[in-house]
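> Below: one structure in structure tokens.
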Amino acid sequence: MDSEEKIDASLDILKRMPPQETEKHLKNITILLQPDSNAIEDLHHKVDCPLQTALDTIVNKPFVLSEYNRAEGEFYRSPWSNEYFPSPSSFKNNNDSSNNKNVEGMFFKPSGELRELEEQANEVLESYREMYYGKDSVGSVYLWNQGGGIQEGGFAGCFLIQKQICKEEEEEEEEEEQNQSGPPKRSQSGYWNSIHVVDVNVLSGGDRVKYELSTTVLVSMDLIYSDGGNHSNKSGAKEERAFLPMVVEIGGSMSKHKETIRPNPTSTTRGKLEHIANIGQMMEAVEIEIRSNIDTLSIQQTKDVLQGIRKDSMASSWAGYVGSNVVSGGSRSSSGVGIASLLRPTASQNPMQAELMARLKQRSTCEDISQPNK
Amino acid sequence: LSPSFIKDVEILYNSRVGREIILSDLRVQQGQAMNDDDFGNSLNDAFQEYVKGHFYNSKGNESNVVIHGVDDDDDDDDVGGETYNVLMSTERIQLHQYHAGSWFAKYTIHRPTKDSKKVTMDGKVQLHAHTFENGNVQLKSNITLPSCTCTTSSSSTSQGALIEGIMAQIHQWDDQFVLQPLEGVYHDMSSEILKKLRRVMPVTRTKFDWNLEGHRFVKAVSLDVQGGK
């Protein structure tokens with residue numbers, strides 16, 4: 001298998017895996033690909049993993065880690081101080097003797113106009129990020145030269161935003177005498193990662209500039225209900241709440257590609273800021289589009305799939321029929337009260353239900369094993 | 001990559017996710033013990049009906065249910081209890097509509113003695129939905145059902161009543177612990193979590209202003225204000 005085929009096969013696998021596990025599978029595939037380091041590197045560039053962050057200790061601000069600000073090994077450049085973390089000085093010293101120039105070259109740092117543009121882009125991104133994602137998100141912009149360099153108007157960059165939530169909610173306990181629904185203990189967590197990669201090229205003629213934006217958004221939303229979601233407390237003051245975990249995870253990755261052509265901003269430094277505005281507007285539009293897609297299409301679609309599997313899903317109105325007829329006479333009735341009280345009697349909705357209902361009357365009971373023995 | 005290797009991998013994968021119960025013949029799966037076991041067979045029939053009634057089995061869907069009966073290893077008394085392991089699964093694959101999904105349920109029904117009127121039940125449900133029209137979005141869910149006992153009142157003699165009780169319990173489980181919470185989950189995902197991750201619009205109700213000078217001004221002013229305090 002040549003490198004191309006390997007990469008294609010790997011991408012094939014990765015796009016089918018649960019998006020939250022992308023990193024894990026990427027690692028495993030890398031092991032399979034050894035020792036073809038070219039293929040491995042290519043694959044890493046093509047696959048988007050959830051973003052990690054690190055702290056820039058010089059200015060005490062977090063920044064995003066990515067392939068675009070990574071240098072040899074595990075060194076990442078911070079856009080705030082333009083330095084690498086962890087400090088690569090020991091690495092440089094060790095490799096100093098013969099290849100001084102080469103080692104320095106490995107640790108790319110934009111300078112001059114490019115660096116100024118990068119600084120300003122980071123500033124603006126900070127405001128944008130806080131408006132949409134809140135203060136606890138992290139964002140970074142990394143720029144690099146291409147297509148003749150910034151002097152010719154050509155450069156490339158990436159805008160990265162990472163937002164994570166990890167939260168637990170627990171409402172107050174209600175009175176135990178009341179047969180109220182016990183508050184479910186829920187924990188919600190998730191992340192949103194925006195990865196925008198943009199290519200800026202001046203078109204021949206010099207008066208127009210083309211922006212090509214590739215965006216990938218990785219989202220994950222996890223809900224963990226203890227106590228079975230909307231399951232209500234059955235009865236009894238001394239009952240111990242059984243731990244019934246219900247885990248639902250939705251994860252997704254969506255990509256879009258957009259191109260715009262704009263008039264070339266003037267070559268002054270002030271003019272270069274327009275690049276940021278142009279890119280920013282494209283970026284915002286794409287993010288809004290993807291967010292609404294995730295909301296309406298993808299989540300809805302998974303719901304549709306499940307509805308296509310199960311005949312009576314979401315027909316919650318007939319939830320009540322079982323309970324009302326299950327309680328039968330005799331000594332069991334008192335313990336059956338709990339079940340009946342939480343389920344409402346409703347009209348049956350199809351012949352099979354009606355038959356089952358009739359047969360169940362007075363014939364059997366089912367009770368929760370956690371109830372105290374009578 | 002010989003065909004036999006691919007086949008081996010397929011078999012291993014299928015057994016891991018439970019697909020083999022969809023693909024294999026039901027009668028073949030049941031061991032010799034089931035043939036003598038009236039209760040087991042009736043239970044099997046009841047489950048077949050349940051699956052037919054609740055799960056689609058056509059147009060891209062495949063559903064099936066399998067029961068294994070395992071004798072309790074009970075040295076103390078010869079009454080011989082049984083444990084029934086039920087695997088129920090439905091799979092939906094619609095490649096031309098870019099989606100696929102599966103519902104996989106595993107129930108354990110334990111009958112302490114052969115003629116007991118009481119069984120204890122446990123179960124787990126796993127859901128998986130995948131849409132790949134615009135990217136890759138997957139929903140995975142793992143639900144553990146609460147332990148339960150099901151008892152026939154002493155007046156009824158046939159085991160049919162017990163079986164009906166069991167099926168009713170399964171149904172109630174499905175409704176109360178799978179379908180209803182799922183609705184709540186979808187609502188939460190949309191309205192709560194996604195909003196917490198990213199607002200629909202900034203507080204200003206307008207799109208972001210990409211003019212850098214404006215932001216510098218605002219920042220300077222707010223720093224000033226904080227310093228002034």
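> Which ³J(HN,Hα) values, rounded to whole Hz and listed in residue order, are derived for the range A:15-23 from phi using the Karplus coefficients 6.51, -1.76 and 1.60 in 6.51 cos²θ - 1.76 cosθ + 1.60 with θ = phi - 60°, glycine and proline given as x?
6, 9, 6, x, x, 5, 9, 3, 4
> Which length gain, in nm to one decimal place, applies between B:GLU183 and B:ASN41 when the Cα-Cα distance is subtracted from 0.36 nm times their residue separation? List each step's numbers first, then the result.
Numbers: separation 142, 0.36 × 142 = 51.12 nm, distance 3.47 nm.
Net length gain for the segment: 47.7 nm.
> In what order, largest first, do A:LYS27, B:LYS124 sit by accessible area if the probe radius is 1.4 Å?
On the way: A:LYS27 135, B:LYS124 110 Å².
Largest accessible area first, the residues go A:LYS27, B:LYS124.
> Summed for both chains, how many Å² of accessible area, to the nearest 100, are buried between B and A with a 1.4 Å probe? Present the calculation step by step, with values, prior to reporting the outcome.
On the way: alone 16000 and 22570 Å², together 30020 Å².
So the buried area, both faces added, is about 8600 Å².
> Using the Karplus curve 6.51 cos²θ - 1.76 cosθ + 1.60 with θ = phi - 60°, work out ³J(HN,Hα) for each residue of the range B:94-106 in order, rounded to whole Hz, and write x for Gly and Pro.
Once θ is set to phi - 60°, the couplings for the range B:94-106 become 10, 5, 6, 9, 6, 8, 7, x, 8, 10, 10, 10, 10 Hz.
> May I have the pair-distance distribution P(r) for the range B:88-132, computed from all Cα-Cα distances with 5 Å bins from 0 and rounded to whole percent?
6, 18, 19, 12, 12, 9, 8, 6, 5, 4, 0
> Also, I was wondering about something else. For A:PHE107 and A:LYS135, FRET efficiency with R0 = 25 Å and r from the beta-carbon atoms, rounded to 0.05?
On the way: r = 31 Å, r/R0 = 1.24.
Given R0 = 25 Å and the Cβ-Cβ separation, E is 0.20.
> Continuing with the same structure: Between B:GLN48 and A:ASN82, what FRET efficiency comes out of the Förster formula 1/(1 + (r/R0)^6) with R0 = 56 Å and r the beta carbon distance, rounded to 0.05? Walk me through the numbers on the way to the answer.
Details: r = 69 Å, r/R0 = 1.22.
The calculated FRET efficiency here is 0.25.
> What's the carbon and sulfur percent of the range A:2-93's accessible surface, probe 1.4 angstrom, rounded to a whole number? Don't jump to the answer; show the numbers that get you there.
Working: 2610 of 5140 Å².
That share works out to 51 percent.
> Using a 10 Å cut-off on Cβ to Cβ distances, tally the other chain neighbours for every residue of B:142-148 and report the average as a whole number.
Working: counts 6, 8, 7, 3, 10, 5, 5.
Average neighbour count from other chains, rounded to a whole number: 6.
> Sticking with this one: Can you list the residues, at least 5 places off or on another chain, whose amide H is less than 5 Å from the amide H of A:GLN52, using H built in the peptide plane?
HN-HN under 5 Å from A:GLN52: A:LEU65.
> Can you give the average number of partner chain beta-carbon atoms within 10 Å of each beta-carbon in peptide A:155-161, as a whole number?
Working: counts 0, 0, 0, 0, 0, 0, 1.
The per-residue average across the peptide is 0.
> For the cross-link pairs A:LYS256/B:LYS219; B:LYS140/B:LYS195; A:LYS303/B:LYS59; A:LYS46/B:LYS219, which exceed 27 Å when the distance is taken from alpha carbon to alpha carbon? Display every interim value, and only then the final one.
On the way: A:LYS256/B:LYS219 33 Å; B:LYS140/B:LYS195 21 Å; A:LYS303/B:LYS59 18 Å; A:LYS46/B:LYS219 37 Å.
Where the Cα-Cα span goes over 27 Å, the pairs concerned are A:LYS256/B:LYS219; A:LYS46/B:LYS219.
> Tabulate in residue order the Karplus-calculated ³J(HN,Hα) for the range B:129-138, using 6.51 cos²θ - 1.76 cosθ + 1.60 with θ = phi - 60°, rounded to whole Hz; enter x for Gly and Pro.
For the range B:129-138, the Karplus-derived couplings read 10, 9, 10, 10, 6, 10, x, 9, 10, 10 Hz, x marking Gly and Pro.
> Using 0.36 nm times the number of residues separating A:GLU212 and A:ILE261, minus their current alpha carbon distance, what extension gain do you get?
On the way: separation 49, 0.36 × 49 = 17.64 nm, distance 0.88 nm.
Separation in residues times 0.36 nm, less the Cα-Cα distance, equals 16.8 nm.
The values are calculated or read from the model by the stated rules, or taken from the named source; none is laboratory data. The structure presented is a predicted model; accordingly, all values stated were derived computationally and were not measured. Cβ: placed from backbone, ideal geometry, glycine included. Neighbour counts: every protein chain shown. In case anyone asks, the SASA skips ligands and DNA or RNA and just uses the protein heavy atoms, side chains included. Shrake-Rupley method; radii C 1.70, N 1.55, O 1.52, S 1.80 Å.
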